[in-house]
Amino acid sequence: MSAIYILWLRDLRRYTRSRSQVVASLGQPILYIVALGFGLGPVFQRAGEGSYLQFMAPGVISMTLLFTSVFSGIGLLWDRQFGFLKETLVAPVPRVYIMIGRTLGGATIAVIQATLVVVVCLIAGFRPSALTSLPLAFVLMLLIAFVFAALGVAIGSSLQDMQGFQLVMNFLVMPIYFLSGALFPLNNLPGGLAVATRIDPLAYGVDALRGAFIGRSYFTISFDVMLLAAVAVLFLAVGRRMFEKIEV
């Protein structure tokens, strides 16, 4: 179990030392908040849906969790390229411990980054419906981050080089975000789009965060949590299988 802690701590130290990465990763969420939150706010309000900033802020937080956690897993490619992964794999510990440590490290970094985005949203005018719901929101953030960190490890373990990175971005990560309901309500959707949102695991993460932050959810938080937990187990199993196939 100490291997899990060491790998988690190594990823955390690597993140805290890279201040430029911290600042740069805030650019996209701020752009979404300013361009969409304020730009589409009047349209959303005229449609009778209230404040668009209140609605989309949980979606922007979920976007940060998704991108940061998946990219942390894909960081395995860099470790493989520079030989760091080989040094880790030859250690006398089960590979599953290494994989879990990388997953927890990526999830922790994603939660830290998302917390910074929460602060940015608060500065922009976002207001949670109740302060008592914040602990639940952070637990949900950790669950979402763990789900997609496990997915990132599975992807990073299956790719051989960075050439497949754009393919993953364009045909997996971006569709997961845009079909999650982060930017639009899940009710009254066309049939095909409604089906696509139902099979998107991030949709349940966004819905749960929206319910925790502003008390507005399409499903129930308990259902969202159960489904996310099931997906986490699935991605963890797939990630373990793919990680064990890596050749040193």
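Every read-out reported here was derived from the displayed coordinates using simple, explicitly stated rules and does not represent laboratory data. Predicted model only: the values in this text are computed from it and were never measured. Positions of Cβ are generated from backbone atoms using ideal geometry, with glycine treated the same way; all protein chains shown enter the neighbour counts.
For the reader, a short list of remarks on this structure follows.
- Computed from the C-beta positions of GLU244 and GLN45 and an R0 of 51 Å, the FRET efficiency is 0.50 to the nearest 0.05.
- Under 15 Å, Cβ to Cβ, from ARG127 - net charge with Lys/Arg +1 and Asp/Glu -1: +2
- Inter-site label distance for GLN28 and THR220 at 7 Å from Cα along Cβ, in nm: 3.4
- Nearest 10 degrees, 0 to 90: helix 95-124 Cα axis against the chain principal axis: 30
- Calculated over segment 24-69, the projected area of the Cα convex hull averaged across directions stands at 3.0 nm².
- Cα long-axis angle, helix 52-74 against the chain (0 to 90 degrees, to the nearest 10): 10
- Other residues within the sphere of radius under 13 Å centred on the Cβ of ARG95, judged by their own Cβ, net out at +3 (K and R +1, D and E -1).
- Segment GLN81-ILE123, length gained on full extension (0.36 nm per residue, minus Cα span): 11.1 nm
- All Cα pairs of the chain, percent lying beyond 22 Å: 53
- Hull volume per residue, based on the alpha-carbon atoms of segment 94-188 and their convex hull, is 142 Å³.
- Residues of segment 38-79 with amide N under 16 Å of the 7 Å Cα→Cβ point at MET169: 64, 66-78
- Springs join every pair of Cα atoms under 10 Å in this Gaussian network model of the chain, and among ALA35, ALA182, ALA149 the largest mean-square fluctuation is at ALA35.
- THR132 paired with LEU116, simple spin-label distance in nm, labels 7 Å along Cα-to-beta-carbon: 3.3
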